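Some notes on the structure that comes next.
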Amino acid sequence: MTRLLVLAGLLSLLAVACATDATTVLDDTGAGDTVDDVGQNSDISIQNDQVEKDTPPTEDTGTLCSLGTAECVDDDTVRICKAGGTWSEFDCGEGELCIAGDCTPGVCVPNALRCKDEVTVEICAPDASAWGVFKTCADDEVCIEGECVKALCAPGEKACAGATVLTCADDGTSWLEEPCAEGSVCFDGACLECVYDEHCDAGLVCDKGAWPPALKVVTTVLPHAIRGQAYEATVEATGGDGAYAWSLASGDLPAGIELAADGTLAGTPTEAGDFPIEVKVTDGGSRTATGALTVSVIETMGSTLVITTGSPLPQATEGEPYSATLKATGGEEPYGWFIIGGALPAGLNVLSTGEITGIPTEIGTFDFTVRVVDAATPVGFAAKDFALTVKVAPLEIVADQIYDVWIAKIVILPMLTIVPGIPLPYNQQLQAKGGLKPYHWSEYDVPGIDWLLPKAGIPTGLTLGEDGKLSGSVTDTSLVMELKIPFTQISLTGFFFGAKVVDSNDPTDSDTGLFLIPTLPVAF
């Protein structure tokens, strides 16, 4: 009750302050300057050669900006809130940068990196006033474009230094430098042309540029063939550019069956037995993938009912939709299917049509026996033993808002409210799926973000439990940071920290993410 009264008092004081004809703008020390109704402040100076540009009020559901507020639009543009809640923009002068809402003479771009010499990396101060030593490269490294890279390398090896692709020379003692095009960034030895998969054309993924997804053979089990009867099956793939051409990579097909370039296995087998093969798919970009299969040919059984589906069945993944269809030949259709021994994993069922469907909720290998009956008189039937393995889904951090960008997976948590002097409670549960429970959480230093987020870490007052519960209260805003995602309009403000989740499997699986606790609305 006491905290509520204090909070009500604070809101009343804010209401009184807003009702006056003048607004007080607090500087970094807490002291205030009074701004009159024309929006001028003794601490804000505008050069005569700067051009004023009016911009509309802010878009926060009718809320106008606060009179006298100044902020940076970009590195060389500042905007100041005028009377009426509209912004006026001003370009900084020659050699100036916008820092904390003010045009400041700068010698460099804040947080930029460069090489002082062959082994020393320098970083530009946050206020752009000077360069300082960031780190010294190891004995076997050299500094290139503000990055420490190996001095000796394998000929043809690729690496990154800033926005430059490095290629190891033929003698292995030096690097050839190739800058990325404007708007691109070097990542994993190539120029990255996009940040999100959504930025690529349909069917492409963002990986060193906009590329097709990885090519993969997805057919794992083929239906049985019967000697002397026509047979047809199709092998399938995903990924690549969709222009598939199939061939036999190794093994021998049964006599009478051939593999066509479109992935069709067809013909009339003349010999019985199991024939292990390896098929190869090539797409239009010369990408390739292979898959191991077995063509099983059983003896001719006349009109006797025979289950032709092979065992084991294709693998299922815990928590993901699954579907497989049992097939038979001979007898008189329609067929009816049911289980007569063993059991399917929880969450799966076999329909009378022979379709096994559902979402498995347990892992392991499950043995069961199915029977098929036909519509003949007398009824024909056949039975067969099957095995189905449900594998553990990959462990993955999940949340309502996650953005996969080239620096890391950024997980957006609910907003944290900070009222000076009033420690408001904050309780959130970090979430993950897949893997084997229970999960174990810990704070984690995300590699490669030190220069972007030098103050990253769980803020004082909050603790992260092993069970993933983040709780406590925060009154200190000194660790609040703003992160602008390169090549996007995304700006994130709040507390940043890394976290890692490990499952209880053997061997363990893990996932990491860069978490943001917003202290201001996240702008996109």
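The values are calculated or read from the model by the stated rules, or taken from the named source; none is laboratory data. Given the structure is predicted, the values throughout are model-derived calculations rather than measurements. Here the Cβ positions follow ideal geometry from the backbone for every residue, glycine too, while neighbour counts run over all protein chains shown.
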Taking first residues from the range 447-461 that are at positive phi and second residues anywhere that are surrounded by 13 or more Cβ atoms within 10 Å (Cβ to Cβ) and not in a loop (DSSP other than H, G, I, E, B), the pairs with Cβ under 6 Å that are 6 or more apart or on different chains are GLY457/PHE497; GLY461/GLY472; GLY461/SER473
Enumerate the pairs (first residue in the range 249-278 and in contact (Cβ under 8 Å) with a residue 24 or more places away in the chain; second residue anywhere and surrounded by 14 or more Cβ atoms within 10 Å (Cβ to Cβ) and of a type in the set (Lys, Arg)) with beta-carbon separation below 8 Å, excluding pairs fewer than 6 apart on the same chain, so at least 6 apart or on different chains.
ALA249/LYS280; PRO269/ARG227; THR270/ARG227; GLU271/ARG227; ALA272/ARG227
Go through GLY331, GLY347, GLY284, GLY336 for me and flag whichever is farther than 30 Å from ASP509 by Cβ and within 34 Å of the chain's Cα centre (by Cα).
GLY284
When you scan the range 356-372, do you find a residue that is assigned to a loop (DSSP other than H, G, I, E, B) and over 30 Å from ASP506 (Cα atoms), even just one?
no
For the range 163-199, how many residues are assigned to a loop (DSSP other than H, G, I, E, B), surrounded by 18 or more Cβ atoms within 10 Å (Cβ to Cβ) and either at pLDDT below 80 or in the same structural domain as TYR403 (by TED's automatic domain parsing) (or both)?
5
Might you let me know whether the range 145-161 holds any residue that is part of a strand (DSSP E or B) and touching a Lys or Arg at 6+ places or on another chain (Cβ under 6 Å)?
no
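Does at least one position in the range 395-413 carry a residue that is of a type outside the set (Gly, Ala, Ser), more than 24 Å from the chain's Cα centre (by Cα) and modelled with pLDDT of 85 or more?
Looking through the range 395-413, none of the residues is of a type outside the set (Gly, Ala, Ser), more than 24 Å from the chain's Cα centre (by Cα) and modelled with pLDDT of 85 or more.
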Tally, over the range 265-286, of residues that are surrounded by 14 or more Cβ atoms within 10 Å (Cβ to Cβ) and under 13 Å from ALA237 (Cβ atoms)
5
Mind checking whether some residue in the range 404-427 is surrounded by 13 or more Cβ atoms within 10 Å (Cβ to Cβ), in contact with a strand residue (DSSP E or B) (Cβ under 9 Å, 6 or more places away or on another chain), farther than 15 Å from LEU516 by Cβ and basic (Lys, Arg)?
no
I need every pair where a residue in the range 383-406 that is farther than 30 Å from GLN428 by Cβ has its Cβ under 6 Å from the Cβ of a residue that is of a type in the set (Gly, Ala, Ser) and not in a strand (DSSP E or B), sequence separation at least 6 or different chains.
PHE386/SER311; ALA387/SER311
How many residues, within the range 262-284, are outside any strand (DSSP E or B) and in contact with a Gly (Cβ under 7 Å, 6 or more places away or on another chain)?
4
